[in-house]
1. Look at Val9 and say whether it is open to solvent by less than 40 Å² (accessible area, probe 1.4 Å), of a type in the set (A, V, I, L, M) and at pLDDT 95 or above.
2. Picking from Leu94, Leu90, Leu111, Leu118, which residue would you name as being within 27 Å of Asp39 (Cα to Cα), free of Cβ contacts under 8 Å to residues at least 40 places away in the same chain, surrounded by 17 or more Cβ atoms within 10 Å (Cβ to Cβ) and under 20 Å from the mean Cα position of the chain (by Cα)?
3. Name the one entry in Ala30, Ala58 that is touching a strand residue (DSSP E or B) at 6+ places or on another chain (Cβ under 9 Å), closer than 18 Å to Leu332 by Cα and among the small types (Gly, Ala, Ser).
4. I need the full set of residues from the stretch 257-291 which are modelled with pLDDT of 95 or more, open to solvent by 40 Å² or more (accessible area, probe 1.4 Å) and outside any helix (DSSP H, G or I), in order please.
5. Of all residues being buried (at least 24 other Cβ atoms within 10 Å of the Cβ) and without any contact (Cβ under 8 Å) to a residue 40 or more places away in the chain in the stretch 20-41, which is nearest to Gly75 (Cα to Cα)? Just the residue, please.
6. Output the number of residues of the stretch 307-352 satisfying the condition of being closer than 20 Å to Gln189 by Cα, of a type in the set (Lys, Arg) and out of contact with any Gly (no Cβ under 7 Å at 6 or more places or on another chain).
7. Determine which single condition Tyr124 fails, assuming it passes every other condition in (1) open to solvent by 20 Å² or more (accessible area, probe 1.4 Å); (2) among the aromatic types (Phe, Trp, Tyr); (3) over 28 Å from Glu181 (Cβ atoms).
8. List the pairs whose first member sits in the stretch 48-68 and is free of Cβ contacts under 8 Å to residues at least 24 places away in the same chain, whose second member is surrounded by fewer than 19 Cβ atoms within 10 Å (Cβ to Cβ) and not small (Gly, Ala, Ser), and whose Cβ atoms are under 6 Å apart, counting only residues at least 6 apart or on separate chains?
Amino acid sequence: MAAAGSLIVIDGAHGEGGGALIRMALTMAALTQQPIRVDNVRAGTNYPGLDIEDITLARALARSCAAETPGLEFGASTFSFLPSRPPSALKERLDVAGEGSNRVPNSNVLLNSLIPILARSGAYSQVSLSGETYGSHSLGFDYFANVTLGTFRRMGLHAFVDQIHAGFGRDGGGDVSLEIEPSVVQGLQWKQRGELVAARGVISIGELPMTVAHRGLAHLTNLGINAKIPIDIEIVGVETRRPGVSVTMWAEYENGFGGATAIGAKGIRIEAVAQAAFEDAFDWIKSETSMDPFLADQVLPATIVAETESVFTVSRLTTRLLTLIWVIKQFLPIHITVKGKEGEPGQITVRR
């Protein structure tokens, strides 16, 4: 039986019109127990229709919320999610929806979506799944484990992730597990980021010569010295089913977190990978804002369930972030104030 209340219809083509909109719509439906129908799924992308990530997340939340999911099929342009109860804890390996696709989901993206929901279930959750853990232009494991979860811990939201196998790319065969404690979430007062606490880096490498990682470490170290930012860098050898290397750099401030990741590819020198991660992270550091644009996307759902107000600054107001805010407002009469223009630095205030 669906939850009481009117069906909320979400236009999947709104704003960025991609997977982040679908994930946020599912998150809000689970948190508020309001039934939804999403039309024009991923219409803003080159691959419209339900993706493997959408289906895998919807199935997990359906079990947590005892929800019906009419139309939940690979490639569908319309589907519904009809929850019948508040979220309950999950202790299981998530099924990866593979029909119609040979791709696997990005594990970090899916687990991040589950955290604020399961943290409010009132019980301990433990979930695991297979999928990409390091990919091009996607949330990487080292960023997720250190920056995203580090920010959550600042909010009183406690989640712990373990990478059993690294998955470099969509066919890399990664395995990740996540533990989530029931948490009382507090808002972030990050209007001014304060002093630098530490700058760190991780070079994760599997099935490649360690000399590659050491060259990356040397280059990243020199970049930090030249920028007058001493970076504490760690090399991590990972178990993996295919070769790969990833470089992640981040900085932690009194009231701020941010960084960047770059993944290696055939024919690309490790120095170029380290350079790309450093330059993206340094662009955020120079902005003097409290979050990079990607962290703002990942943390926004947690600010919705926080007991207190959140205020944070972001180095760039992206179409994706503004799309997520629009989705949230379809469910709740919540005050989310955005100061700034799209594509420029801005400030977000979330008040329940």
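The values are calculated or read from the model by the stated rules, or taken from the named source; none is laboratory data. Because the structure is predicted, anything quoted here is derived from the model rather than measured. Cβ: placed from backbone, ideal geometry, glycine included. Neighbour counts: every protein chain shown. For the accessible areas, the whole protein counts, side chains as well, though only heavy atoms, and no ligand, DNA or RNA atoms are used. Shrake-Rupley method; radii C 1.70, N 1.55, O 1.52, S 1.80 Å.
1. So Val9 fails the test.
2. That would be Leu94, the only listed residue that is within 27 Å of Asp39 (Cα to Cα), free of Cβ contacts under 8 Å to residues at least 40 places away in the same chain, surrounded by 17 or more Cβ atoms within 10 Å (Cβ to Cβ) and under 20 Å from the mean Cα position of the chain (by Cα).
3. Matching residue, one of Ala30, Ala58: Ala30.
4. Thr261, Ile263, Ile268, Arg269, Glu288 - these are the residues of the stretch 257-291 that are modelled with pLDDT of 95 or more, open to solvent by 40 Å² or more (accessible area, probe 1.4 Å) and outside any helix (DSSP H, G or I).
5. Val41
6. 2
7. Single failed check for Tyr124: (3).
8. The qualifying pairs are Ala62/Thr69; Ala66/Arg85.
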